[in-house]
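The values are calculated or read from the model by the stated rules, or taken from the named source; none is laboratory data. Not measured: the values here are computed from a predicted model. Virtual Cβ from ideal backbone geometry, glycine too; neighbours counted across all protein chains shown. Surface accessibility is based on the protein's heavy atoms, side chains included, excluding ligands, DNA and RNA. Shrake-Rupley method; radii C 1.70, N 1.55, O 1.52, S 1.80 Å.
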Amino acid sequence: MWPLLLTVGVVGAGAVVFTLFTGNERIRRTLRNMPAKKIGELSDDERAKIVGRVRALGEALEAPISGRRCVAYSVSVVEQEQNASHIRETKAVAFVVEDGSGRALVDPTAARIAIDGGPSVQTGTLHDPTPAAEDLLLRHGKRPRHGVLYREAVITDGESIAVLGAGTREPDPDAPPTEAYRGDARTRLRLTSSRKYPLVISDDPSALK
């Protein structure tokens, strides 16, 4: 989904955003340089990139600034007076990725997540922090104040994403009854992070190839 950018005191905001979010470029570049493979073709412990649609499982997250329902969000806060000091909060819950050949259950624990949504953003100038923004600051031990830049991005149900990692096959009780899925046992791939192969997740359009 497109990022949501909320600003209080917009002077210098462009430089702050550039400094803060270039850190995700390594994740984007890793995914961009790998060709995608079909979920149904992958074996146990085979490291590969998959690209497909997100399907939410159970209770979704609520993004802290906008309240949008999602499976993952990333929100950052920069105090413009300091230009580099910031809060960053990224959370995700388990979700499924489908690509037509099979399904993968993604456990995002310890994953490296870059949520981008492309170049378009929604912007607005606020004279005072919203209650949701105040709650975010207080949760991180900061007092609500002017001159703060908020940036939020989410991954929602139905969105296309890329995931790089290795997994294992397991029975899939929720797989649809279709011949498109390999084998009679109807399995899915469970992707989890390991020390050797941490999961890498992004919705950047350049990674979805």
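Using each residue's phi in segment 58-70, evaluate 6.51 cos²θ - 1.76 cosθ + 1.60 at θ = phi - 60° and report the 3J(HN,Hα) Karplus result to the nearest Hz, with x for Gly and Pro.
Each residue's phi maps through the Karplus curve to give x, 7, 7, 7, 10, 4, x, 9, 8, x, 5, 7, 7 Hz.
If Lys and Arg each add +1 and Asp and Glu each add -1, what is the summed charge of the other residues whose beta carbon sits under 13 Å from the beta carbon of ARG32? Don't skip to the end; give the middle numbers.
Values: positive: ARG26, ARG28, ARG29, LYS49, LYS209; negative: GLU25, ASP116, ASP203, ASP204.
Overall, the nearby charge balance is +1.
Once phi is turned into θ = phi - 60°, what whole-Hz ³J(HN,Hα) does the Karplus curve with 6.51, -1.76 and 1.60 give for every residue of segment 109-116, x standing for Gly and Pro?
4, 6, 6, 8, 10, 10, 9, 10
Tell me, what HN-Hα J-couplings in whole Hz come from the Karplus equation 6.51 cos²θ - 1.76 cosθ + 1.60 at θ = phi - 60° for each residue of segment 160-174, using x for Gly and Pro?
So the J values, rounded to whole Hz, are 7, 9, 10, 9, 10, x, 10, x, 10, 7, 8, x, 10, x, 9.
Below 17 Å, Cα to Cα, which lysines can LYS37 reach? Residues fewer than 8 away in the same chain don't count.
Within the straight-line cut-off, LYS37 pairs with LYS49, LYS209.
Please compute the modelled spin-label separation between TYR197 and HIS140, points set 7 Å along Cα→Cβ, answer in nm with one decimal.
Those two pseudo-labels are separated by 3.3 nm.
Tally Lys/Arg at +1 and Asp/Glu at -1 over every other residue whose Cβ is under 11 Å from the Cβ of SER74; what's the total?
Values: positive: ARG88, LYS91, ARG151; negative: GLU89, ASP116, GLU152, ASP203.
Around SER74, the charge tally is -1.
Could you check the spin-label model distance between ASP44 and SER206? Points 7 Å from the Cα along Cα→Cβ, value in nm.
That separation, rounded to one decimal, is 3.7 nm.
Within 13 Å, Cβ to Cβ, of PRO198, how many net charges do the neighbouring residues add up to if Lys/Arg are +1 and Asp/Glu are -1?
Around PRO198, the charge tally is +4.
Excluding ligands, DNA and RNA, what is the solvent-accessible area per residue of segment 26-97 at a probe of 1.4 Å, expressed in Å²?
Values: 3610 Å² over 72 residues.
Normalised by residue count, the accessible surface of segment 26-97 is 50 Å².
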